[in-house]
Amino acid sequence: MSDSYFKKKLEPIKVKPKTVNELLTAMGKTAYQGRKLGEAVDVWENMVKEKELTIVMGYSGSMSTAGQWTIVNWLIENRFIDVLVSTGANVSEDIVDAMGFGYWQGSHTVNDQELLDADVNRYYDVFGKETDYRKMEELVTDFVMTLKTDIPYGSSDFFYLLGKFLSKKKIPAIAATAYENGVPIFSPAFLDSAYGETILMAKNQGHKIVVDSAKEFDQFVSIGTKTKDVGVIYIGGGVPKDITQLIAISVSPMTEDKGVPGRDGHLRKGLQEYYYPHKYAIQITTDSPQWGGLSGCTLEEAISWGKINADSGKRAVCYCDATIALPLVTHALCERVKKKRKGPDMTWLFKGL
């Protein structure tokens with residue numbers, strides 16, 4: 001029997017007082033999703049310690065209502081991420097909490113018609129007041145009214161200026177924290193959230209702004225021309241994951257298939273087409289791959305597209321509820337990495353705003 005199958009022995013967990021880091025380190029020596037969670041910490045730690053790496057995090061779903069937005073703020077403040085790609089919900093619903101209104105622990109078995117009659121919105125087992133949501137929309141509408149109507153805005157432009165607006169008002173939402181730390185936020189489908197309504201509310205006051213998805217994509221893919229390597233963390237999947245994957249391959253049409261000077265790229269065998277696989281990758285998801293959707297698509301499948309590095313030890317997929325995984329992983333990182341990371345300068349994205 002080949003010894004190659006027996007290189008690393010599984011180590012059962014011994015129960016004794018442990019830090020979060022010690023627990024996840026022990027879990028990483030076991031099996032199944034506990035092991036994958038431990039591996040995710042290792043991969044993220046390696047990203048943080050890597051020089052000349054841009055770390056991009058995809059943040060999908062409605063995680064901010066579940067109390068996760070303050071974790072994202074911590075990651076931004078310590079530059080454990082350099083770019084945030086989010087659903088519109090995650091970077092609008094956090095504002096409600098940051099304004100001081102908050103959310104409440106509820107139940108998923110409640111009578112939803114009664115909630116509707118009481119102006120209560122349900123996020124699975126979390127309750128929020130519709131009146132608070134509207135106050136958030138009114139605040140954001142006040143911001144939209146400050147934007148120019150004669151120039152187009154990509155989502156990173158929008159969130160940079162929104163962050164500046166919220167920062168001045170001492171509202172510590174994700175956008176404000178990102179603005180204060182020079183971290184761009186991209187939200188390719190941000191109109192699919194409260195932001196779509198705020199733009200309509202501004203329009204009703206005669207203030208029509210222009211959102212330019214083509215400008216946004218050009219800005220986003222340009223990140224791939226200004227970095228040596230990219231590492232990615234996906235909380236869920238969806239649009240944030242899909243567009244982030246494209247940094248690896250869309251730089252080729254951007255450069256007219258001439259490649260990026262200074263980057264170690266690869267050329268497809270049958271085409272004059274360059275690709276730059278993400279060097280590191282983590283995905284935390286509850287979806288599964290057999291349905292064909294991107295949220296469950298494995299990182300291994302992405303190798304076939306040239307989007308993810310094929311080297312072992314540089315990727316981890318953990319099938320776990322992110323409200324379990326993200327707090328554990330970030331607290332382990334907090335224990336392991338004591339210094340704030342110096343991330344790449346992303347201010348070139350904000351010039352002229």
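The values are calculated or read from the model by the stated rules, or taken from the named source; none is laboratory data. What you see is a predicted model; the values in this text were computed from it and never measured. Because the Cβ atoms are built from the backbone with ideal geometry, glycine has one as well, and the counts that use them run over all protein chains shown.
General observations
- Test: Gly224 is crowded, with 19+ Cβ neighbours inside 10 Å, touching a strand residue (DSSP E or B) at 6+ places or on another chain (Cβ under 8 Å) and either at pLDDT below 95 or in a helix (DSSP H, G or I) (or both): yes
- Any hit, the stretch 341-348, residues being modelled with pLDDT of 95 or more, surrounded by 15 or more Cβ atoms within 10 Å (Cβ to Cβ) and among the hydrophobic types (A, V, I, L, M, F, W, C): yes
- Restricting the stretch 177-200 to residues that are polar (S, T, N, Q) and part of a loop (DSSP other than H, G, I, E, B), the residue that is nearest to Lys351 (Cα to Cα): Asn181
- Restricting attention to the stretch 275-294 and to residues that are hydroxyl-bearing (Ser, Thr, Tyr) and crowded, with 21+ Cβ neighbours inside 10 Å, the residue that is nearest to the chain's Cα centre (by Cα) turns out to be Thr285.
- Of all the numbered requirements in (1) within 24 Å of Val239 (Cα to Cα); (2) part of a helix (DSSP H, G or I); (3) free of Cβ contacts under 8 Å to residues at least 60 places away in the same chain; (4) not hydrophobic (A, V, I, L, M, F, W, C), Lys164 misses one, and that requirement is (1).
- The stretch 221-234 residues that are of a type in the set (S, T, N, Q), paired with ones that are surrounded by fewer than 20 Cβ atoms within 10 Å (Cβ to Cβ) (beta carbon under 6 Å, 6 or more apart): Thr225/Val260
- The stretch 295-318, subset surrounded by 16 or more Cβ atoms within 10 Å (Cβ to Cβ) and among the polar types (S, T, N, Q), residue nearest to the chain's Cα centre (by Cα): Ser295
- Scoring Asp321 on the criteria (1) crowded, with 20+ Cβ neighbours inside 10 Å; (2) within 26 Å of Asn78 (Cα to Cα) leaves a single failure, condition (1).
- Top-ranked residue of the stretch 286-307 - restricted to ones that are without any contact (Cβ under 8 Å) to a residue 24 or more places away in the chain and outside any helix (DSSP H, G or I), ranked as nearest to Ala322 (Cα to Cα): Thr298
- Scoring Glu45 on the criteria (1) more than 17 Å from Ser312 (Cβ to Cβ); (2) in contact (Cβ under 8 Å) with a residue 24 or more places away in the chain; (3) of a type in the set (Asp, Glu) leaves a single failure, condition (1).
- Sole residue being charged (D, E, K, R) and buried (at least 18 other Cβ atoms within 10 Å of the Cβ), chosen from Lys36, Lys8, Lys29: Lys36
- Qualifying residue in the stretch 201-220 (condition: in a strand (DSSP E or B) and of a type outside the set (A, V, I, L, M, F, W, C)): no
- Complete set of residues in the stretch 170-209 that are over 13 Å from Phe159 (Cα atoms) and without any contact (Cβ under 8 Å) to a residue 24 or more places away in the chain: Lys170, Leu200, Lys203, Asn204, Gly206
- Total residues in the stretch 137-152 satisfying the condition of being outside any loop (DSSP other than H, G, I, E, B) and over 24 Å from Val96 (Cα atoms): the figure is 1.
- Among the candidates Ala202, Ala189, Ala281, the residue that is of a type in the set (A, V, I, L, M), in contact with a Lys or Arg (Cβ under 8 Å, 6 or more places away or on another chain) and either within 23 Å of Val83 (Cα to Cα) or modelled with pLDDT under 90 (or both) is uniquely Ala281.
- Check on Ser304, hydroxyl-bearing (Ser, Thr, Tyr), out of contact with any helix residue (DSSP H, G or I) (no Cβ under 9 Å at 6 or more places or on another chain) and closer than 17 Å to Gly28 by Cβ: no
- The residues listed here are Gly100, Gly61; of these, the one that is out of contact with any Ser or Thr (no Cβ under 6 Å at 6 or more places or on another chain), modelled with pLDDT under 95 and small (Gly, Ala, Ser) is Gly61.
- Filtering the stretch 327-338 to residues that are part of a helix (DSSP H, G or I) and within 15 Å of Glu45 (Cβ to Cβ) leaves Leu328, Val329, Thr330, His331, Ala332, Leu333, Cys334, Glu335, Arg336.
- Verdict on Leu271 being farther than 22 Å from Pro152 by Cα, part of a loop (DSSP other than H, G, I, E, B) and not polar (S, T, N, Q): yes
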